[in-house]
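A.B. asks: I have a structure here, written as structure tokens, and I will follow up with some questions on it.
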Amino acid sequence: MDYHVTACGEHAKDIQELCDEFYIETRHIEKLNELMKDRHDTWVEDLKKLREIMEEARSPCGMLVVKMKEMEDGTFVAINRDKRMQHLKEKFKLDRIAETRLSDILARCSDEKKDEYYHDLERHFECSGKPSATAMLLMKKLANGEPLGPPGRPGPGSWLDRQ
């Protein structure tokens, strides 16, 4: 991977290729290039995540602008390295979409709220026969910062049902 920006303002090769694929305007390429300068540790994951998101977006350029704003705000997460998310993912076999969306929302939460949500999510997933679907149903509450409330009774096929 080409991690460097040259002094004369050329864009990193990886960024240029990504942006060419989605017909991104030069001004956005320059901004992304600038934002990525300090993201060497997550370079590959960041670009992979941007590609995935842009492939699914109705407006790849618009989505890129949103994700660059998240980078500026420090809330863009390509891969959630939080051990609690890895625990939920492995214990409940969450699918990629559920994991990604949970990670995106939790990245915007305070540490205190994250602690609360990880605890509550585990309780809800333990009672669910379909934890990924349950995650999707809880997204609105998570995004609005609302409490998740108590989980329901353990359903058939749930983690608690199998114990």
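A.B. asks: Among the candidates MET68, MET85, which residue alone is in contact (Cβ under 8 Å) with a residue 24 or more places away in the chain and in contact with a Ser or Thr (Cβ under 8 Å, 6 or more places away or on another chain)?
C.D. replies: MET85
A.B. asks: Any chance you could count how many residues in the range 67-118 are over 9 Å from the mean Cα position of the chain (by Cα), assigned to a helix (DSSP H, G or I) and acidic (Asp, Glu)?
C.D. replies: So the answer is 8.
A.B. asks: So for the range 109-116 (the condition being more than 28 Å from GLY74 (Cα to Cα), exposed (fewer than 15 other Cβ atoms within 10 Å of the Cβ) and small (Gly, Ala, Ser)), does at least one residue qualify? Give the steps one after another, and end with the answer.
C.D. replies: Kept after step one, since they are more than 28 Å from GLY74 (Cα to Cα), are these residues of the range 109-116: none.
No, the conditions are met nowhere in the range 109-116.
A.B. asks: Among the residues of the range 56-65, is any under 29 Å from LYS130 (Cα atoms), touching a helix residue (DSSP H, G or I) at 6+ places or on another chain (Cβ under 9 Å) and not assigned by TED's automatic domain parsing to the domain that holds SER128? Even if it seems obvious, please write down each step before you answer.
C.D. replies: First, pick out the residues of the range 56-65 that are under 29 Å from LYS130 (Cα atoms): 56-58.
After this cut, where a residue has to be touching a helix residue (DSSP H, G or I) at 6+ places or on another chain (Cβ under 9 Å) as well, the list is 56-57.
Adding the requirement that they be not assigned by TED's automatic domain parsing to the domain that holds SER128 leaves 56-57.
Taking every residue of the range 56-65 in turn, at least one turns out to be under 29 Å from LYS130 (Cα atoms), touching a helix residue (DSSP H, G or I) at 6+ places or on another chain (Cβ under 9 Å) and not assigned by TED's automatic domain parsing to the domain that holds SER128.
A.B. asks: Since ILE53 meets every condition but one in (1) more than 22 Å from GLU21 (Cβ to Cβ); (2) surrounded by fewer than 20 Cβ atoms within 10 Å (Cβ to Cβ); (3) under 13 Å from the mean Cα position of the chain (by Cα), which condition does it not meet?
C.D. replies: For ILE53, the failing item is (1).
A.B. asks: If you scan the range 134-155, which residues turn out to be in contact (Cβ under 8 Å) with a residue 12 or more places away in the chain and outside any loop (DSSP other than H, G, I, E, B)?
C.D. replies: ALA135, MET136, LEU138, MET139, LEU142, ALA143
A.B. asks: Still on this structure: Checking the conditions here, which among ALA107, ALA12 is small (Gly, Ala, Ser) and more than 30 Å from LEU148 (Cα to Cα)? Even if it seems obvious, please write down each step before you answer.
C.D. replies: On the way: ALA107 fails: more than 30 Å from LEU148 (Cα to Cα).
Selected residue: ALA12, the only one of ALA107, ALA12 that is small (Gly, Ala, Ser) and more than 30 Å from LEU148 (Cα to Cα).
A.B. asks: Within the range 26-45, how many residues turn out to be touching a helix residue (DSSP H, G or I) at 6+ places or on another chain (Cβ under 7 Å) and in contact (Cβ under 8 Å) with a residue 24 or more places away in the chain? Outline the logic, then answer.
C.D. replies: So in the range 26-45, the residues touching a helix residue (DSSP H, G or I) at 6+ places or on another chain (Cβ under 7 Å) come out as 28-29, 31-33, 35-36, 39, 43.
Next, from what is left, pick out any that are in contact (Cβ under 8 Å) with a residue 24 or more places away in the chain: 28, 31-33, 35-36, 39, 43.
Result for the range 26-45: 8.
A.B. asks: Only one of GLU56, GLU10 is at pLDDT below 95 and within 22 Å of ASP104 (Cβ to Cβ); which?
C.D. replies: Numbers: GLU10 fails: within 22 Å of ASP104 (Cβ to Cβ).
Testing whether each residue is at pLDDT below 95 and within 22 Å of ASP104 (Cβ to Cβ) leaves just GLU56.
A.B. asks: ILE79 fails exactly one of the following numbered conditions: (1) crowded, with 17+ Cβ neighbours inside 10 Å; (2) modelled with pLDDT under 95; (3) not aromatic (Phe, Trp, Tyr). What is the number of that condition?
C.D. replies: Condition not satisfied by ILE79: (1).
The values are calculated or read from the model by the stated rules, or taken from the named source; none is laboratory data. Nothing here was measured: the structure is a model prediction, and the numbers come from that model. No Cβ is skipped: glycine too gets one built from the backbone with ideal geometry, and neighbour counts run over all protein chains shown.
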